1. Please compute the modelled spin-label separation between E18 and I157, points set 7 Å along Cα→Cβ, answer in nm with one decimal.
2. Where Lys and Arg each count +1 and Asp and Glu each count -1, what net charge lies around G142 among other residues with Cβ under 12 Å from its Cβ?
3. Under 17 Å from the Cα of K164, which lysines turn up, not counting those fewer than eight places away in the same chain?
4. Suppose each label sits 7 Å from its Cα in the direction of the beta carbon; what would the E176-N238 distance come out to in nanometres?
5. To the nearest µm²/s, what D does Stokes-Einstein give for the range 98-247 at 10 °C and 1.306 mPa s, using the Kirkwood radius over alpha carbon pairs as Rh?
6. Can you pick out the pairs among K64/K104; K104/K161; K167/K212; K26/K167 whose Cα atoms lie more than 24 Å from each other?
7. Give the aspartates and glutamates reachable from K105 as a straight Cα distance under 19 Å; neighbours fewer than 8 places away on the same chain don't count.
8. Give me C169, C178 ranked fewest to most by other Cβ atoms within 10 Å of their Cβ, as a rough exposure proxy.
Amino acid sequence: MKNSETDSLDVNVFPSREEMGESAGKDIENKIVELLQFKPEIRMIFAAAPSQNELLEYLANSDKIEWNRITAFNMDEYIGLNNLSLQLFSVYLNDRLFGKVNFKKVNLIDGNSSVEEEIARYSALITEKSIDIICLGIGENGHIAFNDPHVADFIDIQIIKKVKLDKSCRTQQVNEGCFANLEDVPEKALTLTIPVIMAAGYLFCIVPGSSKHEAVYNTLNGPVSTSCPASVLQNHPNCRFYFDKDAYGS
C-alpha cells in the first residue's frame, strides 16, 4: 500500500481493488465504532456503483458494526426506471448491504415519484440531522453523485435536484455493464448536491479502475473546478481516498 498525505490529502493506493475495498471497509468500520461510542446513532450516505462492490461486501460481513444505530440514505437515483429494474441504485444497495444488515432506518430516493414531491420529502430527511459518514466514488467525468460537470455547483442551495446526465456519464454505465447500450440509460436522475456531500463529517472515497485514472489525477492535482467536480474534495478536512494502482497510476 502506498500512502500519501501531501498537501493534507489522505491518499491510499493498493495493488488490487480487493485490498482497496477491504482497507476502506476496515477504516469505515473503525470510524463507525468510534462515533457510536459517544453518539446514540449516526447517519450515513452510500453511493451505488460497481466501484463500491468490495467495500460493501466487507461492511455487510462486519461483526463490529451496530447497524441498528445507523440511518442510511442513498446518494442518487435514476428517474423513470421500472420499480423492479436491477439498474436502480436502491436495488443495488438493497442487494449488497441494506437487505443484509439491520439498519435502524433506510431512506431511499424514489425516482418514480413526483419529482417536486420527492425533492421536498428527501430534502427534509437529509436535513433533519447532520450526516456523519459518506461512502462515495468518482465518475469517469469527475462527477460525485450525479453532479456532472455541466450541472455541478459548489454553492448549490438545493439539497437534492433533478439533473440531465451527460453522455460521458451515461456511457460509463454501459462500460461498467450496468446497461446493454446507451439508449437504455436514463437521461435524467435525482442527485444530492455537492454542498450536502461536503457538509458531512467524514468522507471515504473509493475509486478503482484504469478508466478513472484521468478523473483521479484531476481530483487530486487539478484546480478546484466544476470541470472536475470531485476536485472540491480537496477542500474537505476529513476526506480519505482509496485507489487501486490502475486508478491512481504510477
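Where a number appears in this text, it was derived from the coordinates with a stated rule and is not lab data. Here the structure is a predicted model, which means the values were calculated and not measured. Neighbour counts run over all protein chains shown; Cβ positions are idealised from the backbone, glycine included.
1. 5.1
2. Summing Lys and Arg as +1 and Asp and Glu as -1 gives -3.
3. Correct list for K164: K188.
4. About 2.6 nm, to one decimal.
5. Translational D for this selection: 98 µm²/s.
6. Correct reply: K104/K161; K26/K167.
7. Within reach: E29, E41, D63, E66, D76, E77, D95, E118, E128, D132.
8. Lowest count first: C178, C169.
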